[in-house]
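Comments concern the structure below.
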Amino acid sequence: MFEIRRAQDRGRGQHGWLDSRHSFSFADYMNPERMGFSVLRVINDDEVAPGAGFATHAHHDMEIISVILQGTIEHKDSMGHVLQLQAGDVQRMSAGTGITHSEYNASQDEKLRFLQIWILPDQQGIEPGYEQLKLGASDATLQVLASPDRRNGSMLLHQDAVLSVAHLMNDDELSQPLNAKRKYYLHMMAGDASVAGFTLTDGDALAIENESALHVLAKGDARFLLFDLP
């Protein structure tokens, strides 16, 4: 089963400095039918005005992945880290026993856009930690970003889940076998693609269950995330 979830049906939070689109219930957006998907709890598509950002706040017992789509984000936290992530960078933060951090648009001129992803961990009370890597170039294959066993040089994810990304050019095709006993979630980051009879554009998604194969045909420059979930 492929269930289409259109970008325009997401929740939205507009706060002047922040324009955020929520794939699942978050903050003031509450939809009982969109409380998450398997262990995937949050996908927020955040646009942050120049110089603005999220003041210091706390997290615990959550795997938080940030995918920078445009601009530069400055990160500061209670572990003493001060760093900047630029477009194409991906960070995994395990909040574990607790961490406080702030996230700001490092530019005074350019908009910041990034995906903030929350995945429920398979254990609580772990030691907080970070990793980061860069998105690879277009090669019509899946690049594993995070996994429970660090496969293919990916970041460690404290959950039986795998997050991958693909960057396809016009008419590129990607075929991927699926385990019909698991769940999958495909989120379009940019561009257009044809999947299971649907045309997907930026922000669209497919919730996938009881399927044994995935076939994607790019319509131009297309980038998407694929979550392999229990």
The stretch 142-229: relative contact order in percent, alpha carbon pairs under 8 Å with at least 6 residues between: 35
P(r) of the stretch 142-229 over all Cα-Cα pairs, binned every 10 Å from zero, in whole percent: 18, 50, 29, 2
Equivalent ellipsoid, the stretch 91-187 (semi-axes from 5 times Cα gyration tensor eigenvalues, Å): 25, 22, 11
For the chain, average projected area of the Cα convex hull in nm²: 11.9
³J(HN,Hα) computed for each position of the stretch 111-123 - Karplus, 6.51 cos²θ - 1.76 cosθ + 1.60, integer Hz, glycine/proline x: 5, 9, 10, 8, 9, 10, 10, 10, 10, 5, x, 8, 8
Note, ³J(HN,Hα) from phi for the stretch 75-89, Karplus 6.51, -1.76, 1.60, rounded to Hz, x at Gly and Pro: 10, 10, 8, 6, 8, x, 7, 10, 8, 10, 10, 10, 3, x, 8
Hits among lysines - C-alpha to C-alpha of K134 under 30 Å, sequence gap 8 or more where chains match: K76, K111, K183, K219
5 angstrom amide H check on K183, placed H, neighbours 5+ away: L229
Karplus-derived HN-Hα couplings along the stretch 96-110 (A = 6.51, B = -1.76, C = 1.60, θ = phi - 60°), whole Hz, x at Gly and Pro: x, 5, x, 8, 10, 7, 10, 9, 10, 6, 6, 9, 8, 10, 9
Relative exposure of H59, H158, H15, judged by other C-beta atoms within 10 Å (fewest first): H15, H59, H158
Per-q log10 I(q)/I(0), the stretch 10-134, q = 0.13, 0.17 Å⁻¹ (Debye; single scatterer per alpha-carbon; no solvent): -0.51, -0.89
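FYI, it's all coordinate maths here, none of it is from the lab. Given the structure is predicted, the values throughout are model-derived calculations rather than measurements. FYI the Cβ positions are ideal-geometry reconstructions off the backbone, even for glycines, and counts take in every protein chain you see.
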